[in-house]
Amino acid sequence: MKPRQMIIALLVGTLSGLLVNALAADAAWVTWVVNNVSTVIGQLFIRLLFVLVVPLLFSALVMGIAELDLKDLGKLGGRTLAYTVVVSIIAVSVGLVLVNVLQPGAGADPNIRTMAGASGIKAAPQPMDTSAAGVILSMVPENAVKAAANGDMIGIIVVAFIFGIALTRTRTAAARQLQGVMEGIYDVTMTCINGVMRLAPIGVGALLFSMTARVGGGPLKQVVAYVGVVMLGLAFHCFVVYSILLRTVGRTNPITFFRGARLAMITAFSTASSTATLPTALLVAEHQLKIPRGVSRFVLTVGATMNQNGTALFEGVTVLFLAQLYGVQLAFGQQALVMFICVLAGIGTAGVPAASLPVIAMILGMFKIPPEGLGFILGFDRLLDMSRTTLNVTGDLVAAVCVARGAQEEPSAPAPRDD
Ligand code: ASP
């Protein structure tokens, strides 16, 4: 599957959906086609990717750890975490500066609150336990199989981590065989993924058609401004912040990087899921960007769930936008707190479509901003989700480049494969 086919699919799906929306948005046949054809095809594509995620995530992480020695693992983990925290802070700051300067939520109709109440969101989801103890406890699952079945990615990562470390420390023949089995699971899953990716243009076209054929209506001026601010922030972080990081930390030409990362970026855009894009990101890192496997498997697997710069930026902008919309004043200290929470939320939000929404509802509740405000943005969430996921995945690849460069400069590090 070539990137050109994917771009054609993107354009055909989007434009035909827009045309149908403009000419016959309310027709029964349109609803039928969207519900029974394009949505089904799009969802099948996403499910085929999802079904491969648990074996892939687990085997890739175990292999990633088992191929490093423990000294490297500590350094790699520490570097990845430090990178994630610093770059997430930059991402949220970009969003908060833009939303404060451009004020997309200012000047809203005072009746807006009533309209939000009528928009379908009834109540905020149950807030999760946000105490330090609660967060730490929730990271370690009680049951590894249940964590996998429930899509608890952080749980799977923790189990894979423990398992991988134990595998490197178990020096028996059987343990080496098990390592071979893990490698086998990884290889077979990747073969499946290559097969699924052949279907990607059809899946992508169908997903985009479903979305654009449905979206319609005259959106509020503020919501359009908000969407513009989110997109601007994501684009700035992607092309300016990442280019600087790639040049200074990764010592890589940003144009070469973006050219190589294209396939992963388009897959992220069309699936709106970092986790579903993980297989493609791993392929791209290895074949296009030539990042050493030990580093890319580790950074990308952990990053798909934890390094979500787009999500952190989006959550910050959304919280402040809704505060502006409802006239809730947030002082500098409170905005700093929003930033802190969004950095943590970016780390804790799952890499699946719309995973940000319950997290935002929780943050809104914390700052006494009406959570019904989410009703305004839901109509646009798919587009924003696709865009923020693209930044999330690009950010993981940038992280892998930067961390690999750091590892390469370590005298004891495994030698990277090229440059
Ligand atoms: N869809 C995003 C991702 O998978 C998560 C989110 O922000 O909703 O990366």
- Residue list for segment 299-327, restricted to those being touching a helix residue (DSSP H, G or I) at 6+ places or on another chain (Cβ under 8 Å) and open to solvent by 10 Å² or more (accessible area, probe 1.4 Å): VAL302, MET306, GLN324, LEU325, TYR326
- Within segment 213-239, residues being surrounded by 20 or more Cβ atoms within 10 Å (Cβ to Cβ) and modelled with pLDDT under 85 number 2
- Message: Being of a type in the set (A, V, I, L, M), free of Cβ contacts under 8 Å to residues at least 40 places away in the same chain and open to solvent by 20 Å² or more (accessible area, probe 1.4 Å) is true for just one of ILE255, ILE185, ILE202. Which residue is that?
- Response: ILE255
- Query: When segment 37-54 is examined, which residues are found to be open to solvent by 50 Å² or more (accessible area, probe 1.4 Å), closer than 16 Å to ALA147 by Cα and in a helix (DSSP H, G or I)?
  - Reply: PHE50
- Message: I'm checking my understanding of the structure. Among residues of segment 133-151 that are open to solvent by less than 50 Å² (accessible area, probe 1.4 Å) and outside any helix (DSSP H, G or I), which one is modelled with the highest pLDDT?
- Response: PRO141
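Residues checked against (1) closer than 27 Å to ILE41 by Cα; (2) among the β-branched types (Val, Ile, Thr):
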| site | (1), (2) |
| --- | --- |
| GLY203 | yes, no |
| THR212 | yes, yes |
| TYR242 | no, no |
| VAL249 | no, yes |
| ALA261 | yes, no |
| VAL302 | no, yes |
| ASN309 | no, no |
- Just name the residue that is modelled with the highest pLDDT out of those in segment 294-309 that are within 11 Å of the ligand (Cβ to nearest atom) and either over 9 Å from the mean Cα position of the chain (by Cα) or closer than 13 Å to VAL85 by Cα (or both). ASN309
- Item | Residue within segment 375-392 that is under 15 Å from the mean Cα position of the chain (by Cα), over 17 Å from MET211 (Cβ atoms), open to solvent by less than 10 Å² (accessible area, probe 1.4 Å) and modelled with pLDDT of 80 or more present | yes
- Task: Kindly establish whether ALA323 is more than 14 Å from the chain's Cα centre (by Cα), over 29 Å from ALA82 (Cβ atoms) and at pLDDT 85 or above.
- Result: yes
- Message: Against the condition hydroxyl-bearing (Ser, Thr, Tyr), closer than 28 Å to ARG4 by Cα, at pLDDT below 95 and within 16 Å of the ligand (Cβ to nearest atom), how does SER274 come out, does it pass?
- Response: yes
- Return yes or no: is ASP396 closer than 21 Å to PHE258 by Cα and among the acidic types (Asp, Glu)? yes
- Task: Say whether the condition of being crowded, with 21+ Cβ neighbours inside 10 Å, among the polar types (S, T, N, Q), under 28 Å from VAL204 (Cα atoms) and within 11 Å of the ligand (Cβ to nearest atom) is met by at least one residue in segment 280-293.
- Result: no
- Message: Condition first: more than 15 Å from LEU391 (Cα to Cα), more than 14 Å from the ligand (Cβ to nearest atom) and in a helix (DSSP H, G or I). Can you find one or more residues in segment 347-365 that meet it?
- Response: yes
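The values are calculated or read from the model by the stated rules, or taken from the named source; none is laboratory data. No experiment lies behind these values; they were computed from the predicted model shown. Note that each Cβ is placed from the backbone with ideal geometry, even for glycine, and that neighbours are counted across all protein chains shown. Each accessible area value is taken on the protein alone, full model and side chains, heavy atoms only, with ligands, DNA and RNA left out. Shrake-Rupley method; radii C 1.70, N 1.55, O 1.52, S 1.80 Å.
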